[in-house]
């Protein structure tokens, strides 16, 4: 599936634009703050109904307006699919071929992978960004992973609310423990499923990441592995039953339960885990140079793209938001060669016209307006 056309109205600073895209490479360039990222954000939002920038619906609507529209014309083989997403301040409505459609019915139809400076930050900074990196990849590949993540967050919210009530004395401690045990059955199940999805993805991607790193570095200087950590211990369990057994034991640990009641919040579960990406056996966050860290995230994203190709028999849409400037010449050349050789429709933003990129269409963005006179 490719995006043939897009029309945006009142989406961030893009008040009214209409573009026709190339089925291969689309370069969107211009100075900072002109709306390049907003344009590709709109594409990604339709694929999963969330912003890769973490924005709320109100953030997506032009200031002093109350609604926004994203209209897409998609092509799947010889079939045209018209998609309209109407954004309001607290809700959204989706139409497919002029028929009002629940968003869940469109899930998985338009898959999109984003590679942005935030992706690179996942290597350099705290565990939350690495969890988000892996969870987003899982949700793009397995629809049930997206459901599990949603159900886990709901169970976590309920559990935290109950722990706060116990801490504040609003619920008798004995009754509170009984209620916790009831909630924990769902909480443990969803925790185990999330951990299992993460471990499955990392295990499947590991050989491809290793191969790409060997192309970016000398093989003897670039080994890759991962450690999935909780309570400062790596997980050796991989199958779902074993994962369930370990997380259940951690949740039921009475010492940790007492700490949770005292703090009024949940300290045990996948929302507190870390994923260490090891380069030559060392934690890449601490021991790698910036160049090695960037090479590692480049390898992760390309491995993710290839995993889509293997799983679905086709490529996802690729959004590369201002990442070429992050790489040295060797990594830039590797990424450009990859983009030239793969069949994915790609949307690349940059502050210049990137003369090293050949073919496709080029769009210059200025003050929320697009000049497409430079298409090749």
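Look through 119, 51, 47 and report the one residue that is under 30 Å from residue 337 (Cα atoms) and out of contact with any helix residue (DSSP H, G or I) (no Cβ under 8 Å at 6 or more places or on another chain). Going through 119, 51, 47 in turn, just one is under 30 Å from residue 337 (Cα atoms) and out of contact with any helix residue (DSSP H, G or I) (no Cβ under 8 Å at 6 or more places or on another chain): 47.
The set of residues from segment 152-176 being assigned to a helix (DSSP H, G or I), under 13 Å from residue 261 (Cα atoms) and touching a helix residue (DSSP H, G or I) at 6+ places or on another chain (Cβ under 8 Å) comprises 159, 162, 163, 165, 166, 167, 173, 176. In this structure, residue 262 does not satisfy being at pLDDT 95 or above and outside any loop (DSSP other than H, G, I, E, B). Residue 330 satisfies every condition listed in (1) surrounded by fewer than 18 Cβ atoms within 10 Å (Cβ to Cβ); (2) assigned to a loop (DSSP other than H, G, I, E, B) except (2).
The set of residues in segment 280-290 that are under 22 Å from the mean Cα position of the chain (by Cα) and either surrounded by 15 or more Cβ atoms within 10 Å (Cβ to Cβ) or in a loop (DSSP other than H, G, I, E, B) (or both) comprises 284, 285.
Within the span defined as segment 162-172, one or more residues are without any contact (Cβ under 8 Å) to a residue 12 or more places away in the chain and surrounded by 13 or more Cβ atoms within 10 Å (Cβ to Cβ).
With respect to the stated conditions, residue 53 fails to be under 13 Å from the mean Cα position of the chain (by Cα), part of a helix (DSSP H, G or I) and either outside the structural domain of residue 201 (by TED's automatic domain parsing) or touching a residue at least 40 places away in the same chain (Cβ under 8 Å) (or both). Looking across segment 197-234 at every residue that is within 23 Å of the chain's Cα centre (by Cα) and not in a helix (DSSP H, G or I), the one that is modelled with the lowest pLDDT is identified as 230. Would you be able to say whether some residue in segment 316-325 is assigned to a helix (DSSP H, G or I), surrounded by fewer than 18 Cβ atoms within 10 Å (Cβ to Cβ) and at pLDDT 90 or above? Looking for residues that are assigned to a helix (DSSP H, G or I), surrounded by fewer than 18 Cβ atoms within 10 Å (Cβ to Cβ) and at pLDDT 90 or above, one finds none in segment 316-325, hence no. Condition first: modelled with pLDDT under 90 and surrounded by 13 or more Cβ atoms within 10 Å (Cβ to Cβ). Can you find one or more residues in segment 68-88 that meet it? No: segment 68-88 contains no residue that is modelled with pLDDT under 90 and surrounded by 13 or more Cβ atoms within 10 Å (Cβ to Cβ). Of all the residues that make up segment 20-38, how many are under 16 Å from residue 70 (Cβ atoms) and surrounded by fewer than 18 Cβ atoms within 10 Å (Cβ to Cβ)? Residues in segment 20-38 being under 16 Å from residue 70 (Cβ atoms) and surrounded by fewer than 18 Cβ atoms within 10 Å (Cβ to Cβ): 1 in total. Taking segment 96-151 and the helices (runs of 4 or more DSSP H) fully enclosed by it, the elements with 1 or more residues that are surrounded by fewer than 20 Cβ atoms within 10 Å (Cβ to Cβ), in contact (Cβ under 8 Å) with a residue 40 or more places away in the chain and within 11 Å of the chain's Cα centre (by Cα) are at 117-124, 127-141.
The values are calculated or read from the model by the stated rules, or taken from the named source; none is laboratory data. Remember, it's a predicted structure, so these values are computed and weren't measured experimentally. Don't worry about glycine lacking a Cβ; one is built from the backbone with ideal geometry, like all the others, and counts go over all protein chains shown.
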